[in-house]
1. Quick one: dipole size for region 125-195, taken about the Cα centre, charges +1 on Lys/Arg Cβ and -1 on Asp/Glu Cβ, in debye to the nearest 20.
2. Students often get this wrong: which residues of region 236-265 have the backbone nitrogen under 14 Å from the point 7 angstrom along Cα-to-C-beta of Gln13?
3. Based on alpha-carbon centroids, what's the gap between region 257-283 and region 111-137 in Å, whole number please?
4. Which Cα, out of Pro44, Leu58, Pro75, lies furthest along the positive dipole direction of region 28-76 (beta carbon charges, K/R +1, D/E -1)?
5. Which FRET efficiency value, to the nearest 0.05, do you get for Gln23 and Lys76 by plugging their Cβ-Cβ distance into 1/(1 + (r/R0)^6) with R0 = 25 Å?
6. Roll a 1.4 Å probe over the protein chains and send me the accessible area per residue for region 225-297 in Å².
7. Give the long-range amide H neighbours of Thr4: residues separated by 5 or more places, or on another chain, with amide H under 5 Å away, using H modelled in the peptide plane at 1.01 Å from N.
8. Hey, which aspartates and glutamates would be in cross-link range of Lys126, C-alpha to C-alpha under 16 Å, not counting anything within fewer than 8 residues on its own chain?
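The values are calculated or read from the model by the stated rules, or taken from the named source; none is laboratory data. Since this is a predicted model, take the numbers as computed values, not measurements. Cβ: placed from backbone, ideal geometry, glycine included. Neighbour counts: every protein chain shown. Each accessible area value is taken on the protein alone, full model and side chains, heavy atoms only, with ligands, DNA and RNA left out. Shrake-Rupley method; radii C 1.70, N 1.55, O 1.52, S 1.80 Å.
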Amino acid sequence: MCYTAGHRIRGNQVHLELQETVQMLLAPGRELDLQGLTISGGEPLLAPGLMETVRAALDLGYSIKLLTSLFPHSPKKLELLLSLMDSPRHQIVVSYDSFKPAEVRQVRGRGSGELVTASIRWLVKKRAELGSQVRLSSNTVLQPANAGSLLNTLSFLLDELGFDQAIVQQRHDYTNISPGNIPRQAALRRSPAEIQLLAQAARQVFALAESNPRLAPAGGKLEDWLQFLTNPLDSRISCQALSYIYIDAFGNYRGCIHSTLLGSLRRTPLAEYLQSGPFLEFASFSQGCHLCTHSCS
Ligand code: SF4
């Protein structure tokens, strides 16, 4: 299950209460034999009720993957998570753009580079101190601002900090896609020089991954990445939408991470949603969609 733990209230949306999250979402998910819960954001560390949700999911037997930017730094919450998720079944995935603060500022548009690097060092040290077995992964989205330093960033994460895994992804900015608006989706604009830079970085990453199993380029093979760079509206890899059930902390269902809303948990129970017209229509559409290489991150 791909659960977006929102912290900003949009419009008149109301957060699911813990009881609703457990009784309407997490417990029925286990009855449907869902094994994993991926918690993303916004920033989940800012989401109300995160710890209670994690505890409830652990009690129900979920394997948890928590995606965070570590910004702002939340030592008390992180320490608790390291203790609660003390098993290699669980994973904390840190979004990390670059070991160069100036590049982080370029990507994020704010001055968080030094803080995130300090937080990531703290997290690695604290895991060792506590002897926590939770797996630590990083997620780097390749883009022109960080392409030139990508190998150094990966070396920092894998060699210096000893992360268990470093994931590298391509960037997609689609929102609210539906079967009807695919032709109007805009691809990212890249200059020929940027495409060349990204392609070179992609080749370097795939070459390094051959000798380092902890490095994981996501979203197909090198040929797929190069295809995506030159023809971004027509990825060749299979759509990942049906690998997850997508839902946010307000109870809104989506078909995939980029899709429009398909319903509400408060109106349609989980098992019923999976048999509903909007879900089945999106599921069928998704198998012919080639817009992105994303799953749940
Ligand atoms: S390829 Fe699949 S996951 Fe990506 S936008 Fe299309 S339907 Fe969503």
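1. With Lys and Arg at +1 and Asp and Glu at -1, about 240 debye.
2. 246-265
3. 37 Å
4. Pro75
5. 0.35
6. Per-residue value: 43 Å².
7. Ser40, Ile247, Asp248, Ala249
8. Excluding near neighbours in sequence, the set is Glu79, Asp86, Glu160, Asp164.
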